[in-house]
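Have a look at the structure below, then the notes.
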Amino acid sequence: MADRRRINGPPGSTMPPVFEDDAGQPEVKSGKGRDRAPTAIRKMFLKTGVTPSASGSAYLEFEKSNKSDVSGLKLSCTVHGPRSLPRSSPFSPHIVLSAHVKYAPFATKQRRGYLRDPSERDLGTHLETALRGAIIADRWPKSGVDIIISIIEGDQDREASKSQGDETWDMMNALSGCITVASAALADAGIDCVDTVAGGVAALVQDAGDDSTPRIVVDPIPSEHEKVLGACCIAYLPTRDEVTNLWFKGDLPASDAGLYTQLVENGIQASRNANRVLVECLGETTS
C-alpha cells in the first residue's frame with residue numbers, strides 16, 4: 001500500500017540534466033560598467049553590537065552594484081576576549097591574537113565547504129597582520145582574543161563564467177571589508193588600540209573598447225570592468241599615518257615604480273574614506 005502522507009521519489013534511478021557551455025562563443029560581460037567616480041567608494045552600512053553574547057561585534061554591508069546579478073558584500077564579525085590563556089600555553093607578555101575568516105557555504109558563486117580552504121587562511125593571515133599593528137598588545141599579558149569573521153555574501157557576478165577568474169580580485173574587497181568590520185568589533189569590545197584601522201582597495205583596470213587606456217580606480221568591482229591588471233589592499237591608520245598591511249597582486253612592469261606608488265596612494269585614500277564611516281558609527285554608538 002502506498003504511503004499517501006509523503007511525496008515519494010521516482011521508482012527508477014534518474015540522472016540530472018547537464019548543460020554544456022558554448023565553447024565556440026566568446027565570453028561577453030553583460031551589464032553596465034562603473035557609474036562611480038574613480039576615487040569614490042561604495043556606500044557602506046556599519047553597525048556594532050549585533051551579537052549580545054560576544055565581547056564585541058559588528059556588521060558591515062556594502063552597496064549593491066548597478067548590475068542586477070552582483071550583490072553587495074556582507075560581513076559579520078564577533079570578538080571573544082580578552083580572556084586568560086590555558087595553563088598549558090607558554091607565557092606571553094603580549095596578547096595572543098587569533099583571526100578566523102570563513103565564507104558562508106552560499107556566499108559565493110561556487111559553493112564553499114565547511115572547512116577553511118587556502119584562500120580563507122590567507123585572508124585570516126593578512127587580517128591578523130593588519131590588526132596586530134593597531135592593538136596595544138602589552139596591556140593584556142597572558143591573554144588571548146579571538147576574532148571570527150563570517151562573509152555572508154560576496155560581491156561576485158553569479159552570471160559570469162567560472163573561467164573569467166574574478167575570485168582573485170574579489171578577495172581584495174573581502175579583506176578590505178574584514179579589516180574595517182574587525183576594527184569596529186574591537187572598539188565595541190573595549191580593546192585599546194592606537195588608532196582605528198580601516199581597509200581600502202585600489203586597482204588598475206581596463207574597460208571595454210579598443211581605445212580604452214588603463215586607469216586606477218578605488219573600491220573596484222571586477223564584473224564592472226573588462227580586465228583587472230593589478231590591485232592592492234591596504235590597512236591604514238589615519239591618525240598615525242601608518243600602513244599596517246599591504247597586499248599586492250597583479251602583473252605589472254617592475255620598472256614602473258610610479259604606478260605602484262599611485263596604487264598605494266589611491267588605496268590609502270580609499271582607507272580614509274572607509275575610516276570616516278567607521279568613526280561616525282563608533283561616535284553614534286557612544287553618544
Check: Just how much of Arg240 is accessible, in Å², when a 1.4 Å probe is used and the result is rounded to the nearest 10?
Finding: 120
Next item on the list: Return an integer: the convex hull volume of the alpha-carbon atoms of the stretch 104-239, in Å³ per residue.
Entry: 118
Checklist line | Computed over the stretch 44-286, Kirkwood Rh from alpha-carbon pairs, angstrom | finding: 18.5
Notebook entry, point to check: Considering only protein heavy atoms, what per residue accessible area in square angstrom results for the stretch 44-286 with a 1.4 angstrom probe?
Noted result: 46
Check: Quick one: which of Lys47/Lys142; Lys74/Lys249; Lys43/Lys74; Lys64/Lys249 span more than 19 angstrom between C-alpha atoms?
Finding: Lys47/Lys142; Lys74/Lys249; Lys64/Lys249
Check: Taking the Cα centre of each part, how many Å lie between the stretch 220-244 and the stretch 86-146?
Finding: 21
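The values are calculated or read from the model by the stated rules, or taken from the named source; none is laboratory data. Since the structure is predicted, the reported quantities are computational estimates derived from the model, not experimental observations. Accessible surface areas use protein heavy atoms only, side chains included; no ligands, DNA or RNA. Shrake-Rupley method; radii C 1.70, N 1.55, O 1.52, S 1.80 Å.
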